[in-house]
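Every number in this text was worked out from the coordinates using simple rules, so none of it is lab data. Note that the structure is predicted; figures quoted are calculated from it, not measured. Here the Cβ positions follow ideal geometry from the backbone for every residue, glycine too, while neighbour counts run over all protein chains shown.
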Amino acid sequence: MRRKKVKRVYNRIFDFFEIHLPVFVLLLLVATVTVQVFSRYVLDRPLPKFFELSIYSFVWSIYLGAALAKRYDKHIRFDILYKKFSKNTRLVIDVFFDILTSVVFLFVLYPSIKYSIMNYSIKASSLRVPWTYLLVCFPLFTLLILIHNIQAVIRNIRLLMGHSVPEKEALPWL
């Protein structure tokens, strides 16, 4: 019972950062681009704040979307050769690359957090908000990818050892 409750809380936290927040950011992106097109081409008056907001919302949606793609193992792969290997060989390859990616992201996590915090005093040119709020999407992305990679490594090692693993979570958009 307790395990189900923890898993539900865990899924809600990740759903917030990987589904709900990106949907809001994507809607913000569509709205700002629409306003920009209208103001630029109908009113002949560009709005720099909306332009800047669209850029930052685009970047946030990319990073959060990439974390979601990792969560459901939906990243694009060049898998012509990969599909020719046996299931166990594919699992070993997946474990290797997930560990390699995690090591790289572990080295990047601390400097990216430090850089994001350091830039608090710098303000965005039009929006006048601290850059920390604009840059923090990268450390968040890195942390989410690390968590998903660790989960994938554990799952794939269990499969290699012949243990059963729970079914993967269903895609939220299907």
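Quick notes on this one:
- Computed E for Ala170/Ile117 - FRET, C-beta separation, R0 41 angstrom, nearest 0.05: 0.65
- Counting only residues at least eight positions apart within a chain, or on another chain, the lysines with an alpha carbon under 16 Å from that of Lys7 are Lys168.
- Lys/Arg +1, Asp/Glu -1 at C-beta; the chain dipole; positive extreme among Val92, Ile19, Ile76: Val92
- The chain, helix-only ellipticity at 222 nm - DSSP H runs n ≥ 4, -39,500 (n - 2.57), divided by all residues, nearest 500: -23500 deg cm²/dmol
- Segment Phe107-Val30, length gained on full extension (0.36 nm per residue, minus Cα span): 24.3 nm
- Of Lys4/Lys84; Lys5/Lys74; Lys87/Lys114, those spanning more than 30 Å from alpha-carbon to alpha-carbon: Lys4/Lys84; Lys87/Lys114
- With θ taken as phi - 60° and the Karplus curve 6.51 cos²θ - 1.76 cosθ + 1.60 applied, the whole-hertz 3J(HN,Hα) list for region 153-163 is 5, 4, 4, 5, 5, 4, 5, 4, 7, x, 7 Hz, x standing for glycine and proline.
- Among Glu167, Glu18, the ranking by other beta carbons within 10 Å of each residue's beta carbon, starting with the fewest, stands as Glu167, Glu18.
- Spread over its residues, the convex hull of the C-alpha atoms of region 68-174 is 140 Å³ per residue.
- Between Phe16 and Leu127, the modelled label-to-label distance comes to 2.0 nm, taking each label 7 Å out from Cα in the direction of the beta carbon.
- Region 1-88: relative contact order as a whole-number percent, Cα under 8 Å and 6+ apart: 30 percent
- For region 2-160, projected area of the alpha-carbon convex hull averaged over all directions, nm²: 12.5 nm²
- Binning all Cα-Cα separations of region 13-68 at 10 Å, short to long from zero, yields these whole-percent fractions: 27, 43, 21, 8, 1.
- Which of Thr101, Thr89 has the fewest Cβ neighbours within 10 Å, and the rest in rising order: Thr89, Thr101
- Going from the fewest other Cβ atoms within 10 Å to the most, the residues Trp131, Trp60, Trp173 appear in the order Trp173, Trp131, Trp60.
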